[in-house]
Amino acid sequence: MNAEKQDFSVGSVRRQIIAQAVPLTVAQVVQLLYNVVDRIYIGHLEGVGDMALTGLGVTFPVIVLIAAFTNLLGSGGAALFAIARGRGDEEEAQSILGNAFALLALASLVLFAICYPLRRPILLLFGASQVSVEYASQYLQIYLFGTAFSMLATGLNGYINAQGFPKTGMLTTILGAAVNIILDPLFIFGFQMGVRGAALATVLSQGLSALWVLRFLTGKKAILPIRLAKVRLSLRRTREIVAIGTPGFVMQGTNSLVQIVCNNQLQAFGGDLYVGIMTVLCSVREVLSLPVMGITDGAGPVLGFNYGAGKNQRVKEGIRFAASLGTGYTLLAWIVVMLIPTQLMRVFSSDSQIVLSGAEMLNIYFFGFFFMAFQFSGQTVFRALGRVKQAIFFSLFRKVMIVVPLTLLLPALGLGVRGVFLAEPISNAIGGLACFLTMWHTIYRKL
């Protein structure tokens, strides 16, 4: 690819964002299939599907926590990488890439060493019952062996996108997810491995994705490849990577905290049935959130590059376009959820009680879903332009200061399990608007 295609400071900002967003969205959809396909197959296991699905839901906080550390070290470095490229400082950009690779590899080893031996007490703490913990433990027992694969594949893929190769980044996840889709029914049903089969299929698929990423980033096609001489830890760069990546880490880390609180409250007020329903709702939310995440993630490198190059008007245009497109999509997604809640539940479970009760909770949980676009848009701008404090604050504000207190308070006020599901739309409205309006007044109007 020629240099002009890698230069985000020339050409149409809208086309550049779309060119980044479409492959990223496809890649993220495919990436999500790793977990969603597992849930669909497991939810339909004869006789044990409902309890196995509940057990899988209890593993979410652990999986999200691993993803949070991946975000911390991967996206944090990728934002710095894009800004350095925008300044024309390729030497520094390559050093950032090498530093991030070393951090991801080290973090994956530490997380495995902590989570594997303590998985059962961790799962009980995170809301598992004495029955569902057996299925949750079976899944994590194998899944954790793929920690390094998951972190390297996801964390380093952003550096492929930031170099202007979004289609190659898309292929990273398409390759792994395609293998996962093929292996899931083979291991789960063919070899009768059940939950363990789903975990094994995921680990093997993530390993293949990691190999693909490393092959590209160490090969001749990469503009700035990983060089062994650059794979070293620098205290200064590590601090900068962690500082920029902290908002994303906090956002995903607090997702883990919210899930833990939700699981425990649902277990107390409704039992395993509603933990299983929340598992399905989280799956639906993840699927429907992907396009808006793709739009904002696609805008990130473009905004960061132009900000580094001093092209403020292009930054403003990118902010307007990404915010408008994201809001329009989430409004449409909300309408779809209201029209077919029962059909969405049936995709994940054939249990009539889960389907009927879940359809009601689905409409509560997704009320005003379009407010989520404001949160994503504001967070992306803060992160892409290096405004760390604001990004961290609004990550904490929506989850820790709104969702967690409401999840604890509303059920106790007589709303029961409905109060747990109602906390999400309230937080989307208050947190999303606060984040976006602050960004608009403190950054956009001053560019």
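The values are calculated or read from the model by the stated rules, or taken from the named source; none is laboratory data. Everything numeric here is computed off the predicted structure, so don't read it as measured data. Glycine also receives a Cβ, built like all others from the backbone with ideal geometry; neighbour counts cover every protein chain displayed. SASA here: full protein model, heavy atoms, side chains in, ligands and nucleic acids out. Shrake-Rupley method; radii C 1.70, N 1.55, O 1.52, S 1.80 Å.
In Å and whole numbers, how far do the C-alpha atoms of the range 76-144 stretch along each principal axis, longest first?
57, 19, 16 Å, listed from the longest principal axis down.
Just read off the accessible area of residue 334 with the full protein assembly in place, 1.4 Å probe, to the nearest 10 Å².
Accessible area, nearest 10 Å²: 40 Å².
Could you tell me how many degrees, from 0 to 90 and to the nearest 10, lie between the Cα long axis of helix 195-217 and the main elongation axis, the longest principal axis, of the Cα atoms of the chain?
0
For the range 332-447, which whole-number percentage of the solvent-accessible area (1.4 Å probe, protein heavy atoms only) is attributable to carbon and sulfur atoms?
70
State to the nearest 20 debye the size of the charge dipole of the chain about its Cα centre, where the only charges are +1 on K and R beta carbons and -1 on D and E beta carbons.
Dipole size: approximately 1580 debye.
When only alpha-carbon atoms are used, what values of Rg and Dmax, in angstrom, describe the range 104-209?
Every Cα atom of the range 104-209 included, Rg and Dmax give 15.5, 49 Å.
Relative contact order, percent, of the range 297-447 when contacts are C-alpha pairs under 8 Å separated by at least 6 residues?
Normalised by residue count, the contact order of the range 297-447 is 28 percent.
For residue 189 and residue 87, compute 0.36 nm times the residue count separating them, minus their Cα-Cα distance, and round to one decimal in nm.
Roughly 31.4 nm would be gained on extension.
Report, in debye and to the nearest 20, how large the dipole of the range 226-328 comes out about its Cα centre when Lys and Arg carry +1 and Asp and Glu carry -1 on their Cβ.
Using only the charged Cβ atoms, the result is roughly 800 debye.
Take the Cα coordinates of the range 336-391, assign each an equal point scatterer, and use the Debye formula without solvent to give log10 I(q)/I(0) at q = 0.14, 0.29, 0.30 Å⁻¹.
Cα-only, vacuum Debye calculation for the range 336-391: -0.54, -1.06, -1.09.
Output wanted: per-residue J couplings in Hz (rounded whole) for the range 37-44, from phi through Karplus 6.51 cos²θ - 1.76 cosθ + 1.60, θ = phi - 60°, x for Gly and Pro.
Coupling constants for the range 37-44: 4, 4, 5, 5, 5, 5, x, 9 Hz.
Please work out the FRET efficiency for the pair residue 10 and residue 181, using the Cβ-Cβ distance as r and a Förster radius of 35 Å; give the result to the nearest 0.05.
Efficiency computed from Cβ-Cβ geometry: 0.35.
May I ask you to compute the full-extension gain from residue 437 to residue 215, defined as 0.36 nm times their residue separation minus their alpha-carbon distance, rounded to one decimal in nm?
75.7 nm
If you fit an axis through the alpha-carbon atoms of helix 388-398 and take the longest principal axis of the Cα set of the chain, what angle between them do you get, 0 to 90°, nearest 10?
With rounding to tens, the tilt is 20 degrees.
Using only Cα atoms, figure out Rg for the chain and give it as a multiple of 2.2 N^0.38 Å.
It is 0.94.
Any idea what the relative contact order of the chain is, in percent, if you count C-alpha pairs under 8 Å spaced at least 6 apart?
24
What whole-number value in Å² describes the accessible area per residue of the chain for a 1.4 Å probe?
Heavy-atom SASA per residue in the chain reads 39 Å².
Counting only protein heavy atoms and a 1.4 Å probe, tell me what percentage of the range 115-260's accessible area is made up of carbon and sulfur.
68
Could you give each residue of the range 319-331 its phi-based ³J(HN,Hα) in whole Hz, using Karplus coefficients 6.51, -1.76, 1.60 with θ = phi - 60°, and x for Gly or Pro?
4, 4, 5, 5, 5, 5, 5, x, 5, x, 5, 5, 5
For the chain, set up a GNM with springs between Cα atoms under 10 Å and report which of 345, 151, 193 has the largest fluctuation.
Among 345, 151, 193, the largest mean-square fluctuation in the Gaussian network model of the chain belongs to 193.
Remind me, relative contact order of the range 203-362 in percent, using alpha carbon pairs under 8 angstrom and six or more residues apart?
Taking the mean separation of contacting Cα pairs over the length of the range 203-362, I get 17 percent.
Which one of 138, 214, 65 has its Cα pushed farthest toward the positive end of the charge dipole of the chain, where Lys and Arg give +1 and Asp and Glu give -1 at the Cβ?
Checked the options; the winner is 214.
Taking only pairs that are 8 or more places apart or on different chains, how many Lys pairs in the chain have Cα atoms under 26 angstrom apart?
19
Provide the per-residue ³J(HN,Hα) series for the range 413-418, in order, calculated from phi with Karplus coefficients 6.51, -1.76, 1.60 and θ = phi - 60°, each as a whole number of Hz, with x at glycine and proline positions.
7, x, 7, x, 5, 4
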